[in-house]
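Only one structure is covered here, and it is reproduced in the block below.
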Amino acid sequence: MTRKEAAGPLAGLCVVEMAGIGPGPLAAMLLADLGAEVTRIDRPAPPARLMPLGPAEDMVGRGRREVALDLKSPTGVAAALDLIGGADALIEGFRPGVMERLGLGPEPCLARNPRLVYGRMTGWGQDGPLAQAAGHDLNYLSLTGLLAAIGRPGERPVPPLNLVADYGGGAMFLVMGLLAALLERERSGQGQVVDAAMTDGAAALATAFYGLRAAGRWSLARGDNLLDGGAPFYDTYETADGRHLAVACLEAPFFAEMARRIGLDARFVERQRDRAIWPEMRAEMTRIFLRRSRAEWVALLEGSDACVTGVLDMDEAPHHPHNRARGLFQDRLGHPCPAPAPRFSRTPGRRAGE
């Protein structure tokens, strides 16, 4: 594998990605955005995807070159080992044992390249009773205790897209694990296997909430807590035009600022944390926010310490003045695409369209 000049803090890092779906490709995208040279190994005839996308819409697939190999043939496996032999890291997201059966498990790969960081992305992990079971984000999230906490009182738990287990607990923890192992390799000179499971990562994201539960400060009832919509000052409200506002004035000074600007009675400010008054407070805030359109409320509140913003959809978000000023979205073949993150002062990463 050649090491070419590239932008970003990971310039010169070579990564092999075994084609897959979900968090593995996102992890590869994040590394490519930061300058890594990513080569994706795909099948000669890739399987049909659940939601197939064209080149312009496959934003997660940006920033890598692709090689088609028949991994059921000795020639294809040998070619894959050649690529892996020159790589710094590997990403694979198959069920446990699949890479071993292909002849590309950790043992032959690390024998070929002892400095390789071998990243494994699964839902349940490499071992345990469910390791071989199929699943998706919603399944992984359900077993961490988090899905049960998301939703309105008396209603079913709500799928939070696939952001929490797939991408937060999966892709982000895989990237963190790969970078940590690469850093350790600089001291030891040796590679290792990174076992990143979506259930592990999602549970780690919930550490603070398990702490609150242990302290008796988190109810198991949905919509009954400070950060799950239970508090009227941390929730969404409908406006006169059928749009919505996000109200997140948790701290007393911010709540007081919000109340002053919208004309909420001072007694609610004095008793902000008094749960006995929350139903009345919510009803009054609901009534007030229905008086004006979202745009009118945004003009009055956004940018102040009231902690109120308009709830934008995906067509609106790229056009918000703050997002435009920051370049939060970049053009990719005629479509707005989220820009690489985070940002670096000296070694900026690639643009989203590259």
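At-a-glance table
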item: Overall form of the stretch 101-188 per C-alpha gyration tensor (a/c, 1.5; a/b vs b/c); result: prolate
item: GNM top mover of Glu257, Glu270, Glu37 - the chain, alpha-carbon springs below 10 Å; result: Glu270
item: Accessible carbon and sulfur surface of the chain relative to its total accessible area, %, 1.4 Å; result: 57
item: Nearest 10 degrees, 0 to 90: helix 74-85 Cα axis against the chain principal axis; result: 60
item: Environment charge at Ala240 (Cβ cut-off 14 Å; Lys +1, Arg +1, Asp -1, Glu -1); result: +2
item: Probe 1.4 Å - accessible area at Ser219, Å² to nearest ten; result: 40
item: The chain: antiparallel DSSP beta bridges as a percent of all, rounded to 5; result: 35
item: For the chain: accessible area per residue (Å², 1.4 Å); result: 53
item: Relative contact order computed over the chain (Cα-Cα under 8 Å; 6+ residues apart), in percent; result: 16
item: Cα shape, the chain, gyration tensor, a/c 1.5 rule; result: prolate
item: Orphan Cys of the chain, criterion: no other Cys C-beta under 4.7 Å; result: Cys14, Cys109, Cys337
item: Tensor-based shape of the stretch 132-291 (alpha-carbon gyration tensor, a/c under 1.5 rounded, otherwise prolate or oblate); result: prolate
item: Folded to 0 to 90 degrees: helix 252-262 orientation relative to the chain principal axis, Cα; result: 60
item: Nearest-10 value in Å² for the accessible area of Phe289, using the 1.4 Å probe; result: 0
item: Area of Arg43 that stays accessible when all protein chains are in place (1.4 Å probe, Å², to 10); result: 130
item: List Arg261, Arg292, ordered by accessible area with a 1.4 Å probe, largest first; result: Arg292, Arg261
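The values are calculated or read from the model by the stated rules, or taken from the named source; none is laboratory data. On a predicted model such as this, the values are computed, not experimentally measured, just so you know. Because the Cβ atoms are built from the backbone with ideal geometry, glycine has one as well, and the counts that use them run over all protein chains shown. SASA here: full protein model, heavy atoms, side chains in, ligands and nucleic acids out. Shrake-Rupley method; radii C 1.70, N 1.55, O 1.52, S 1.80 Å.
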